[in-house]
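Trainee: Would you mind keeping the following structure in view while I ask a few things?
Where a number appears in this text, it was derived from the coordinates with a stated rule and is not lab data. These numbers were taken from a predicted model, which means no experiment stands behind them. Cβ sites come from the backbone with ideal geometry, for glycine too, and all protein chains shown count toward neighbours.
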Amino acid sequence: MVKKGWIPIIVFSFITLSSLLPGRTFSDSPWLKINHLDKYLHILMYFFGSITLGYFLKLNKIQKNQSWFFMCGLVITYGAFLESIQEWIVTGRSFETLDIIANFIGTIVGFAATWIIAKNRNYGN
């Protein structure tokens, strides 16, 4: 069984790897015909990443607002960093401000959902 601390690491490893795949990896996929599919995927990835990290914080009884805001800011910064470097190190990828906005939305919604759900339940006790 995977310890709960590894779950955010696994999810963010997936986010990192998928962000750094070459641009042509999915170029023949019929899914690419959906308008702005990549933005929805950014939102979903960062939503799930934030939820796993938020539950990790809650299960470890890290309840200070400053810790949650710090982790939220760290995830947003990490997403912006990945977006910034991908055009320099990955063929066929480019910087897109809308991807950073999608990362931001997914992160904020994920942490907010986790905070609200965990606050109304007694997780970790």
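Trainee: DSSP loop trypsin sites (Lys or Arg not before Pro) in the stretch 66-125 with at most 16 other Cβ atoms within 10 Å of their Cβ, which ones?
Mentor: On the way: sites: Arg93, Lys119, Arg121; in loops: Arg93, Arg121.
Answer by residue number: Arg121.
Trainee: At a 10 angstrom cut-off on C-beta neighbours, averaged per residue, how do the peptides 71-83, 97-109 rank from highest to lowest?
Mentor: On the way: 71-83: 17.4, 97-109: 18.9.
Ranking the peptides 71-83, 97-109 by packing returns 97-109, 71-83.
Trainee: Distance check, please: which entries in Lys61/Lys119; Lys4/Lys39; Lys39/Lys119 exceed 22 angstrom between their Cα atoms?
Mentor: Details: Lys61/Lys119 11 Å; Lys4/Lys39 28 Å; Lys39/Lys119 29 Å.
Beyond 22 Å: Lys4/Lys39; Lys39/Lys119.
Trainee: On full extension of the chain, what length is gained from Arg121 through Ile85, given 0.36 nm per residue of separation minus the C-alpha to C-alpha distance? Write down the numbers at each step before the final one.
Mentor: Details: separation 36, 0.36 × 36 = 12.96 nm, distance 3.93 nm.
The Arg121-Ile85 span can extend by a further 9.0 nm.
Trainee: Mind checking the full-extension length gain between Ser13 and Thr77? Use 0.36 nm per residue of separation minus the Cα-Cα distance, one decimal, nm. List each step's numbers first, then the result.
Mentor: Numbers: separation 64, 0.36 × 64 = 23.04 nm, distance 1.55 nm.
Result for the pair: 21.5 nm of gain on full extension.
Trainee: With an 8 Å cut-off on Cα pairs and a minimum separation of 6 or more residues, tell me the relative contact order of the stretch 63-125 in percent. Walk me through the numbers on the way to the answer.
Mentor: Values: 26 pairs, mean separation 19.2, N = 63.
About 31 percent, as a whole number.
Trainee: Cut-off 13 Å, label point 7 angstrom out along Cα-to-Cβ of Lys4: give me the residues of the stretch 56-96 whose amide nitrogen falls inside.
Mentor: Flagged as within label range: 56-63.
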